[in-house]
Amino acid sequence: MNKYVTAALGLVFLHSLHSPHACAAEQAAEQPSQRLQSLVEMEQQPPASRTLNIHGWKAPTGGKVLFIRTTELPIIDLHVSFAAGSAHDGAHPGLAAATFSLINEGVPGKDLAAIMETFDGLGARFDMNINHDRVTFSLRSLAADDKREPALHLFNQLLGQPVLSDEALKRVKSQLHELIEAQRLNPDVQINQALRETLLPGHPYARPVFGTSASVSALSHAQILAFHRQAYSATGTLITLVGDLTVEQAQALSLQVINALPASAAMPATLSPLPSDAINSRHIERPSSQTHILLGQPGVAVQHPDYLTLKVAHVIFGGQRLNSRLMTELREKRGLTYTAQLQTPAWQAASLAIIDFKTRPQYRDGSVAMVQTLYADFLRDGPTQQELDDAKAYLRSSNALNSASNAQILSRLVEINQFDLPLDLDFSVSQVQNLTVAQIKAALNRQFDAKKWSVVTLGPTVDQQPLPPPASGTAGHMCRADTGNVAS
Amino acid sequence: MDTQRSGTLLIAWLLPLLALAEPAQPTHQFTLDNGLKVVVREDHRAPVVTSQLWFKVGSADEPPGQSGLSHALEHMLFKGSSKVCAGEAASILENLGASQNAFTDKDVTAYYQTLQPHQLGVAFELMADMMSTARLRAEDFLPERAVIQEERRLRVDDDFNGRAQERLASLAHPASSYGVPIIGWMHDLQRLSAADLRQWYQARYAPGNATLVVVGDVTQNTVKTLAERYFGVLPARPLVESRTPLELAEPGERKIILHQPIAAPRLMMAFNVPSLMTADQRKTVHALRLLNALLAGSNSARLRKRLQFGERVFSATLSDYNALYRGDSLFTLDVEISTQHPISLDDAQTRIWTVLDDIKATPPTRDELERVRTLLIAKQLYDRDAIEQQADRLGSFESIGASWRDLDNEVDELNQVTPEDIQHVAVTYLTRQRLSVAHVLVENRHE
């Protein structure tokens, strides 16, 4: 519908991007590291990481298990996943979601309510999720035998002996219809769906996880049983464990999970999307006080040699931090948005780069043009050495910080398990420490093109206005801490 | 027979859980000469520490017409002070790999940084500078006010849930300032000025009005030395005592009707109830917490079991009771009507009242009580997993006027609640005179 005129608007304001890196007038000319005593005195030391050994093993039937032992809190976390997400729907959209939703509807002797009561009565937390690639089931339990064992018993029953009755399928279909309708009206779901359809046309990743109303209605009980038999099997199961267990206990526990499952042939791998050069823009009309804007391009899969390099590049451009280029230009200087990010959602066989923000409707075209220009500059020049040094330090330290809780450790270990990464929590971060500006620039230009953003917007159509100029007082924003020599 | 079995259950539980009540992690407190209180909890699992500076000021304290003042001030503290330029404090922390942010609530404003122990001095020096010498310039406030207005559009104006919550809260607090949105009304934001912020900062950011909470791989001595050095040099300043926001005991039944472009109608019910600080006794609060878990705050709760999993007339069932306020709180039930088995919101309300009347007429069984008690006690242990969560609990208790030491008694106190106590709080507080209702109807503007 609406085409974007990515004309000179963005260029007008570019002058300000290159203003000198000056501190606010009243600041002393000295570097912040000298103004802050604590920075001057801070010992230079490499971030101390918590010693966490990854134990890994494979079951003869094909399940893979990763375990990290932490004994300080008497709790355990168990995470089990299967390649049974919606990308495996084949010709029956909603098949994976319906099968997944049936899992906790009943086991022999217990209906849904009784299952919930049992977990609650043990103080255990059961959770389940589905995405395009996988379904996951997780359990957090107290480590004490009398709580852990009955909770695990029920958990294994859910995985290995769900009733999957035709009666329950009717209820599940009804829930799915409800979900599909709610998602249809949810603007965030709508715009992300539209972008995926634009970037991955015809690919299963572009389809909604829950299917469509018509396809869900058409699902048969026999299809569900067949899908469950194949997809919820020991072959290809990923088990991740963290907590207060000995290695022997963890091994026994993982065997119980695996033995509860049937063995069958592995699920076929999802094919990577074909490279596409299409650029499509789309506007979804909707009354709201902000316009939601997404700019997207296909990225590279996690296994690609450029993946980590691009991840660092995108932390610099639009990572989850106040001093990324996107946040500096859109938020700090112009007050156009509360938050703006470049996200890189990754599936097993594909990934995307998505610039995501919301702003007032009258600045839609101006801000899209400005973001495109910012990215073009980034491709042309690459990051600065300072930006790269800062990003490396940031990644090193935040890696060390992400080992404090069992929940953090679990989520990192699940990622290692799913993407078959080396068994080292520090692997990704150590890999990027030797990257150079030139390597980042080269990888960016190999994989991305400043002219190939597909743009999807959702909001009201109003007369477009030029962006407000950067606020006068904001020269100070460019004053940066010189932590290159003190950061650890 | 049943009672006998649950009797044993209870005892089996008490052993490990009483052990929990022991302060497993050493916790220390001291107060600097300028009045800043410091609480340190040692947690040596990983070489990480979190530092949270809590001020006893929030949206409930704001003068009429200046809603959003505390939150705007929180934003502006990052816009430069004597040692750092605008935006620089965040940059320094981010480049150290720290995770850092701030939040504003009804009673409190808090700033937090999670970093490595040897970096703790940087967090202290920055926070000490920001709390005492923030520049709060008019030219920085203009773009930042625009950012806050975008934040309001994002979180409230364009967010159905946020908007419904805001409207219900303003209805549910006829006599206190708790009905004012934390982020502020848009018309108030529009007329907020840097001068307002400076005045608020002068009045409320005294060291004696703050608590520094540090949890992680540190000792009392290292924290004390750093705190004395960076915060100890700030002069003591006079304090403005906050008034406790109090509600009417029986404001009367109130109702609002909203229309939103959502898939299914929604019913929200909020009862005026006391908080930890306004309850006649602590047992009342624990009984309300258990009642919340028993009615809708857990997967096996009565409303979920009967009306969502059983009769399937609800597609989502939630409830909330937060006791950690200086003033009176709310007990909230929130359900979404199933579009597959549609019933009217009046019908939904009648069905909910039937469940509430049940518990008012008959105390829960011991089994049911043990189940929700187990849930709450297990949650307390799970919450110790994240140091930020621990610091959040310590900071909340201290900032509303309770003591962090009270946290150590919670398991004991939960264990003393009887089925009759639950019945009693249900009879006392789940009444029509204390009820505010929001009916959120489906607006068909897109069809």
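The values are calculated or read from the model by the stated rules, or taken from the named source; none is laboratory data. Computed from a prediction, not measured in an experiment: that's the story for all the values here. Note that we place each Cβ from the backbone using ideal geometry, even for glycine, and neighbour counts take in every protein chain shown.
If you check A:Thr291, A:Thr246, which single one turns out to be more than 22 Å from the chain's Cα centre (by Cα), assigned by TED's automatic domain parsing to the domain that holds A:Ala369, at pLDDT 95 or above and not charged (D, E, K, R)?
Step by step, each of A:Thr291, A:Thr246 is checked, and only A:Thr291 is more than 22 Å from the chain's Cα centre (by Cα), assigned by TED's automatic domain parsing to the domain that holds A:Ala369, at pLDDT 95 or above and not charged (D, E, K, R).
Would you confirm, using the coordinates I've provided, whether A:Pro466 is assigned to a loop (DSSP other than H, G, I, E, B), over 18 Å from A:Ile68 (Cβ atoms) and in contact with a Gly (Cβ under 7 Å, 6 or more places away or on another chain)?
yes
Which one is surrounded by the fewest Cβ atoms within 10 Å (Cβ to Cβ), of the residues in the stretch A:305-326 that are among the hydrophobic types (A, V, I, L, M, F, W, C) and out of contact with any strand residue (DSSP E or B) (no Cβ under 6 Å at 6 or more places or on another chain)?
That would be A:Leu308.
Residue check: is A:Ile293 of a type in the set (Val, Ile, Thr) and touching an Asp or Glu at 6+ places or on another chain (Cβ under 6 Å)?
Against the criterion (of a type in the set (Val, Ile, Thr) and touching an Asp or Glu at 6+ places or on another chain (Cβ under 6 Å)), A:Ile293 does not qualify.
Return yes or no: is A:Arg282 among the charged types (D, E, K, R) and in the same structural domain as A:Leu152 (by TED's automatic domain parsing)?
Taking the combined requirement at face value, the residue does not satisfy it.
Can you find, within the stretch B:199-257, the residue that is nearest to B:Arg326 (Cα to Cα) among those that are touching a strand residue (DSSP E or B) at 6+ places or on another chain (Cβ under 9 Å) and among the acidic types (Asp, Glu)?
By that ranking, first place goes to B:Glu247.
Return the total of residues in the stretch B:314-341 being within 14 Å of chain A (Cβ to nearest Cβ) and either within 27 Å of the chain's Cα centre (by Cα) or touching a residue at least 40 places away in the same chain (Cβ under 8 Å) (or both).
Total satisfying the criteria: 9.
Which of the residues that make up the stretch B:127-143 are free of Cβ contacts under 8 Å to residues at least 12 places away in the same chain and either surrounded by fewer than 20 Cβ atoms within 10 Å (Cβ to Cβ) or more than 7 Å from chain A (Cβ to nearest Cβ) (or both)?
Answer for the stretch B:127-143, where residues must be free of Cβ contacts under 8 Å to residues at least 12 places away in the same chain and either surrounded by fewer than 20 Cβ atoms within 10 Å (Cβ to Cβ) or more than 7 Å from chain A (Cβ to nearest Cβ) (or both): B:Glu139, B:Leu142.
For the stretch A:313-352, how many residues meet the condition of being of a type in the set (A, V, I, L, M, F, W, C) and either assigned to a loop (DSSP other than H, G, I, E, B) or out of contact with any Gly (no Cβ under 9 Å at 6 or more places or on another chain) (or both)?
Here the count works out to 9.
Spot the failing condition for B:Arg237; the list is (1) away from every other protein chain (no Cβ under 14 Å); (2) surrounded by fewer than 22 Cβ atoms within 10 Å (Cβ to Cβ); (3) over 24 Å from B:Gln416 (Cβ atoms); (4) touching a helix residue (DSSP H, G or I) at 6+ places or on another chain (Cβ under 6 Å), and only one is missed.
Going through the list (1) away from every other protein chain (no Cβ under 14 Å); (2) surrounded by fewer than 22 Cβ atoms within 10 Å (Cβ to Cβ); (3) over 24 Å from B:Gln416 (Cβ atoms); (4) touching a helix residue (DSSP H, G or I) at 6+ places or on another chain (Cβ under 6 Å), B:Arg237 breaks only (4).
I want to confirm something. Restricting to the stretch A:319-346 and keeping residues that are within 13 Å of chain B (Cβ to nearest Cβ) and among the aliphatic types (A, V, I, L, M), which single residue is nearest to A:Asp188 (Cα to Cα)?
Looking at the filtered set, the residue picked out is A:Ala340.
Filter the stretch B:68-124 down to the residues that are surrounded by 24 or more Cβ atoms within 10 Å (Cβ to Cβ), of a type in the set (Asp, Glu) and touching a residue at least 12 places away in the same chain (Cβ under 8 Å) and list them by number.
Correct list: B:Asp107 only.
Any idea which of (1) within 23 Å of A:Pro345 (Cβ to Cβ); (2) touching a residue at least 12 places away in the same chain (Cβ under 8 Å) is the one A:Glu197 doesn't satisfy?
The number of the failed condition is (2).
Which pairs turn up if I take residues in the stretch A:391-406 that are more than 7 Å from chain B (Cβ to nearest Cβ) and over 19 Å from A:Phe67 (Cα atoms) and look for partners that are outside any helix (DSSP H, G or I) and not small (Gly, Ala, Ser) with beta carbon separation below 9 Å, at least 6 apart in sequence or on another chain?
A:Ala391/A:Pro383; A:Lys392/A:Gln433; A:Lys392/A:Leu435; A:Leu395/A:Gln433
If you go through the stretch B:346-367 one residue at a time, do you hit one that is over 19 Å from B:Leu276 (Cα atoms), within 14 Å of chain A (Cβ to nearest Cβ) and assigned to a helix (DSSP H, G or I)?
So far as the stretch B:346-367 goes, yes, one or more of its residues are over 19 Å from B:Leu276 (Cα atoms), within 14 Å of chain A (Cβ to nearest Cβ) and assigned to a helix (DSSP H, G or I).
In this structure, does A:Leu245 turn out to be in contact with a Phe, Trp or Tyr (Cβ under 8 Å, 6 or more places away or on another chain) and either part of a loop (DSSP other than H, G, I, E, B) or loosely packed, with under 14 Cβ neighbours inside 10 Å (or both)?
So A:Leu245 passes the test.
May I ask you to say which residue of A:Ala376, A:Ala349 is more than 14 Å from chain B (Cβ to nearest Cβ), touching an Asp or Glu at 6+ places or on another chain (Cβ under 9 Å) and surrounded by fewer than 20 Cβ atoms within 10 Å (Cβ to Cβ)?
A:Ala349
Working only within the stretch A:203-243, note down all residues that are touching a residue at least 40 places away in the same chain (Cβ under 8 Å) and either farther than 16 Å from A:Ala97 by Cβ or not assigned by TED's automatic domain parsing to the domain that holds A:Gly62 (or both).
Within the stretch A:203-243, A:His203, A:Ser233, A:Ala234, A:Thr235, A:Gly236, A:Thr237, A:Leu238, A:Ile239, A:Thr240, A:Leu241, A:Val242, A:Gly243 qualify.
Looking at the structure I just gave you, is B:Ile400 crowded, with 19+ Cβ neighbours inside 10 Å, more than 27 Å from B:Arg326 (Cβ to Cβ) and away from chain A (no Cβ under 14 Å)?
no
Just to be sure I understand, how many residues within the stretch A:402-428 are over 20 Å from A:Ala346 (Cα atoms) and either in the same structural domain as A:Ala83 (by TED's automatic domain parsing) or touching a strand residue (DSSP E or B) at 6+ places or on another chain (Cβ under 6 Å) (or both)?
1
Here are some conditions: (1) free of Cβ contacts under 8 Å to residues at least 24 places away in the same chain; (2) closer than 30 Å to B:Arg204 by Cα. B:Ser275 meets all but one. Which one does it not meet?
(1)
Touching a residue at least 12 places away in the same chain (Cβ under 8 Å), part of a helix (DSSP H, G or I) and surrounded by fewer than 22 Cβ atoms within 10 Å (Cβ to Cβ): is that true of A:Glu181 in this structure?
yes
Kindly indicate whether A:Ala471 is within 14 Å of chain B (Cβ to nearest Cβ), under 22 Å from B:Ala386 (Cα atoms) and in contact (Cβ under 8 Å) with a residue 12 or more places away in the chain.
Here the answer is no, as A:Ala471 does not meet what is asked.
Given the condition under 21 Å from B:Ile400 (Cβ atoms) and in contact (Cβ under 8 Å) with a residue 60 or more places away in the chain, answer yes or no: does some residue in the stretch B:251-270 qualify?
Yes, the stretch B:251-270 contains a residue that is under 21 Å from B:Ile400 (Cβ atoms) and in contact (Cβ under 8 Å) with a residue 60 or more places away in the chain.
Just checking, which of A:Leu388, A:Leu425 is farther than 30 Å from B:Leu136 by Cβ, modelled with pLDDT of 95 or more and within 13 Å of chain B (Cβ to nearest Cβ)?
Result of the check over A:Leu388, A:Leu425: A:Leu388.
How many residues, within the stretch B:89-103, are at pLDDT 95 or above and over 27 Å from the mean Cα position of the chain (by Cα)?
Count: 0.
Just to be sure, is A:Gln362 polar (S, T, N, Q), surrounded by fewer than 24 Cβ atoms within 10 Å (Cβ to Cβ) and over 25 Å from B:Ala86 (Cβ atoms)?
yes
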